[in-house]
1. Under 6 Å between Cβ atoms, which residue pairs at least 6 apart in sequence (or on different chains) link something in segment 65-76 that is within 24 Å of Asn115 (Cβ to Cβ) with a partner that is open to solvent by less than 50 Å² (accessible area, probe 1.4 Å) and part of a loop (DSSP other than H, G, I, E, B)?
2. Can you tell me which residue in segment 58-78 is nearest to Gly36 (Cα to Cα), limited to those that are part of a strand (DSSP E or B) and in contact with a Phe, Trp or Tyr (Cβ under 6 Å, 6 or more places away or on another chain)?
3. State all residues of segment 34-59 that are within 16 Å of His91 (Cα to Cα) and among the polar types (S, T, N, Q); if no residue qualifies, say none.
4. State whether the residues of segment 104-113 include one that is in contact with an Asp or Glu (Cβ under 9 Å, 6 or more places away or on another chain), open to solvent by 40 Å² or more (accessible area, probe 1.4 Å) and not in a loop (DSSP other than H, G, I, E, B).
5. Could you tell me whether Arg61 is farther than 23 Å from Asp145 by Cβ, open to solvent by 60 Å² or more (accessible area, probe 1.4 Å) and within 16 Å of the chain's Cα centre (by Cα)?
6. Report, by residue number, each residue of segment 66-92 that is surrounded by 22 or more Cβ atoms within 10 Å (Cβ to Cβ) and of a type outside the set (S, T, N, Q).
Amino acid sequence: KNSRSDCHTTMNKKCIILDLDNTLWGGVAGEDGKDGIALSLVPPGNSFMAFQQALLDLQNRGVILAVNSQNNEKDALEIIRNHPNMILKEHHFGAMRINWNDKVQNLKELAHELNIGLDAMVFLDDEPMNRMFVRKCLPEVETPDLPADPSHYVRFLNALGHFSSHTTTDEDAMRGNFYITERLRREE
């Protein structure tokens, strides 16, 4: 590895932007519905639960979580709000884009809404075409290849190195909650 890529991969990021289908849960919200997605204590659903828990741990340390998903909002929110094994709930996300707009437009809007640079974001999506589109249009957004096997998601997330901090200050821990509070205030 050259020093430029080492420096790039260890740069701290502020926000993880997450796809939903086959990223936060197994299956497709619009096709499988709340009761048909894989999100359970047995494989493959347990891998998605473990991934959500690892993301929640990062959110508790001040990393902003946001959603960028091409989905019917009603179907996706039904799962987020009411699935009994959904660890990440609506209140854990600083911002959400659940619509049929392209992922690049949604990322720009999320950066604006959260008031952070695109270079502060990591975009996680299981779909190779979405990742390629984001890399081409927004190279400043870190868009790594998510493993094909969801049982590797947690190890992959921990190996990214963008969110490792030796010490977490009170300010760091409050950062994620600040963005959530701001979203709720705007909605009010």
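1. Filtered contacts from segment 65-76: Leu65/Phe93; Ala66/Phe93; Ala66/Gly94; Val67/Phe93; Ser69/Asp19; Ser69/Leu20.
2. Step by step, filter segment 58-78, then rank; the result is Gln70.
3. Of everything in segment 34-59, those that are within 16 Å of His91 (Cα to Cα) and among the polar types (S, T, N, Q) turn out to be Gln52, Gln53, Gln59.
4. yes
5. Numbers: farther than 23 Å from Asp145 by Cβ: yes; open to solvent by 60 Å² or more (accessible area, probe 1.4 Å): yes; within 16 Å of the chain's Cα centre (by Cα): yes.
Considered against the rule, which asks whether it is farther than 23 Å from Asp145 by Cβ, open to solvent by 60 Å² or more (accessible area, probe 1.4 Å) and within 16 Å of the chain's Cα centre (by Cα), Arg61 comes out as yes.
6. Result: Ala66, Val67, Ala76, Ile79, Ile80.
The values are calculated or read from the model by the stated rules, or taken from the named source; none is laboratory data. Remember, it's a predicted structure, so these values are computed and weren't measured experimentally. FYI the Cβ positions are ideal-geometry reconstructions off the backbone, even for glycines, and counts take in every protein chain you see. Please note that ligands, DNA and RNA were not included when accessible areas were found on the heavy atoms of the full protein model with its side chains. Shrake-Rupley method; radii C 1.70, N 1.55, O 1.52, S 1.80 Å.
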